[in-house]
1. Kirkwood Rh over alpha-carbon pairs of segment 2-69, then Stokes-Einstein at 37 °C and 0.692 mPa s: what D in µm² s⁻¹, rounded to an integer?
2. Under the Karplus relation 6.51 cos²θ - 1.76 cosθ + 1.60, θ = phi - 60°, what is the ordered set of whole-Hz ³J(HN,Hα) values for segment 8-13, x standing for Gly and Pro?
3. By a straight-distance test (C-alpha under 20 Å), which lysines pair with K6 as possible cross-link partners, with residues fewer than eight away in the same chain excluded?
4. For an R0 of 35 angstrom, estimate the FRET efficiency from the Cβ-Cβ distance between Y104 and A196 and round to the nearest 0.05.
5. Considering the options H58, N185, L139, tell which one lies farthest towards the positive end of the dipole of the chain, charges being +1 on Lys and Arg and -1 on Asp and Glu at the Cβ, about the Cα centre.
6. Of the chain, which part is the longest with no trypsin sites (Lys or Arg not before Pro) in a loop (DSSP not H, G, I, E, B) and with at most 10 other C-beta atoms within 10 angstrom?
7. What net charge is computed for the residues neighbouring R142, neighbours being all others with C-beta under 12 Å from the C-beta of R142, Lys and Arg scored +1, Asp and Glu -1?
8. Debye sum, Cα scatterers, the chain, no solvent: what log₁₀ I/I(0) at q = 0.07, 0.14, 0.17 1/Å?
Amino acid sequence: MAKQNKSLQIRDFILTRIRNGAWITGQKIPSEAELMSLFSASRMTVHRAVKELAAEGHLLRERGRGTFVAKRIPRSELLTVRDIVVEIKERGGTYYNEVKHVGYANQSARLSHVFGGVPIASIAHSIIVHYENGEPLQLENRWVDLNMVPGYLTVDFTTCSPSRYLSQEAPLQKAEHELTAALPNQEQQNFLEIRAGDPCLLLKRKTWSGDRLVSYAELLYPASRYSFGGVFTPGT
């Protein structure tokens, strides 16, 4: 029990300094030998605490160099629909975006399947890259039924995100999510400033207002910069 308590003490010591900003991303933390001395703990106890924190993504261990505070990867609740702007600002991040395209959608069998009988001439398409602290976090490809939100093509998306605008014009009634792993094509690599072969997370989202599908979005995230999670409580 004593060893377990020491291990928890070491974890709390490290996590507290990361969370309160005393140790910043990329900063080297005390060596295992220093932690052994500080807590009068065995090497095994210290090693276990550090190894667990590294596995959880809080620390980065580099052979021959030491252990460093890892870059924190933002996490989103999978079953919620949140504005990326609000999400970034709540984390204390700096947000801006680049609008790559706003116009009418091109004909495709996929869109015909998604939107059913809606004519392609009534579907808008936007491409926006969302940045957090100067780094691309999300590539948003979105298609919208203009019968439901006729003003979509006139919106200045540098000041109002698509998510915010749609929530105002066609309040959300239902959402459907599909999360998959994806490898980016060349254009996506350029937009997200990543290399060929860098894994991504692709969230496909459909949203309805009333009984009408309003929007279909493909949201692409570099896996090294973002994660999804959720909590399930039996009986709820």
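1. Estimated diffusion coefficient is 277 µm²/s.
2. Residue by residue, segment 8-13 yields 5, 4, 5, 4, 4, 4 Hz.
3. Excluding near neighbours in sequence, the set is K51.
4. 0.70
5. It is H58, whose Cα lies furthest towards the positive end.
6. Numbers: sites that count: R63, R65, R195.
Free of exposed loop sites, the longest segment is 66-194.
7. Numbers: positive: K100, K204, R205, K206; negative: E140, D145, E218.
Residues near R142 contribute +1 overall.
8. Taking Cα atoms of the chain as identical point scatterers yields -0.33, -0.95, -1.23.
Since every read-out is calculated from the coordinates, none of them should be taken as a lab result. This one's a predicted model, so the numbers in the text were calculated from it and none came from an experiment. Backbone-built Cβ (ideal geometry, glycine too); neighbour counts: all protein chains shown.
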